[in-house]
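What follows draws every value from the coordinates through simple rules; no lab data is involved. Given the structure is predicted, the values throughout are model-derived calculations rather than measurements. We place every Cβ from the backbone using ideal geometry, glycine too, and count neighbours over all the protein chains shown.
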Amino acid sequence: MSLFSEKEELRPTGKALWYALQVWSRKESFVSLHLQGLGYECFLPTYKCQRKWSDRVKDLDQPLFPGYLFCRFDFHSRRPLVMAPGVIQIVGNGKTPLPVADAEIERIQIAVSSEAPRQPWPYIEVGERVRVNYGSLRGLEGILINFKGSHRVVVSVSLLQRSVAVEVDLAWVNAVEQGKRQAVRDFAEKPLRLPVTSY
């Protein structure tokens, strides 16, 4: 009887979440195609770069997160996925796999679906949080930076500690939490009066 109840617990719950998979480096597209052939929904964000050889220059699509791809699946039905060639592990905290927030996946999908130039970027947490309001990046939220004279919105995946920078026109963005920042700035500018007591 307990054997059957254990099988019940392992049944798919139908709740598919996004997870980051660590895969063989430079084989990300092979692993993604293989998993899609098994029926999994995969997302491999890429960017265009130029590689120079002695006799030619070639445009290549490279993964934005080398050695990783995203896959949506029911965690209880993960066995065929982790047994697939090229899959090293499901990324998480220690031995506990953690799902990637849907909002983070959506931000990266918006960045990749646009035609704006993009590139991998060091992971950052601080800076002015902005939302793009125009063009193909409309709705994208990230951190605004200035790099080599052009503005970029950096989108981060906290679980991987990796980021993507997408080039934007400065006129397209607005600050996200301007009201809160203004209140903090107003508070910081007020003189602080402390009562003085003598002993």
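What to note about this one:
- GluC sites (Glu not before Pro) restricted to DSSP loop in the range 68-155 with at most 12 other C-beta within 10 Å: GLU115, GLU125
- Amide H contacts under 5 Å for PHE65, placed H, 5+ residues apart: none
- Under the combined filter of DSSP loop state and at most 15 neighbouring Cβ atoms within 10 Å, the range 35-78 retains these chymotrypsin sites (Phe, Trp or Tyr not before Pro): TRP53.
- Close amide H partners of LEU98, meaning residues 5 or more places away or on another chain with modelled amide H under 5 Å apart, are GLY92, ASN93.
- Percent of C-alpha pairs per 5 Å bin in the range 27-68, short distances first: 6, 22, 22, 19, 14, 10, 5, 3, 0.
- J(HN,Hα) series, the range 132-140, from Karplus relation 6.51 cos²θ - 1.76 cosθ + 1.60, nearest Hz, glycine and proline x: 7, 10, 9, x, 6, 9, 3, x, 6
- Computed from the C-beta positions of ASN133 and CYS49 and an R0 of 22 Å, the FRET efficiency is 0.15 to the nearest 0.05.
- Charge tally in the Cβ shell below 13 Å around ALA101, where Lys, Arg are +1 and Asp, Glu are -1, ALA101 excluded: -2
- Among the trypsin sites (Lys or Arg not before Pro) in the range 80-183, those located in a DSSP loop and surrounded by at most 15 other Cβ atoms within 10 Å of their own Cβ are LYS95, ARG138, LYS148.
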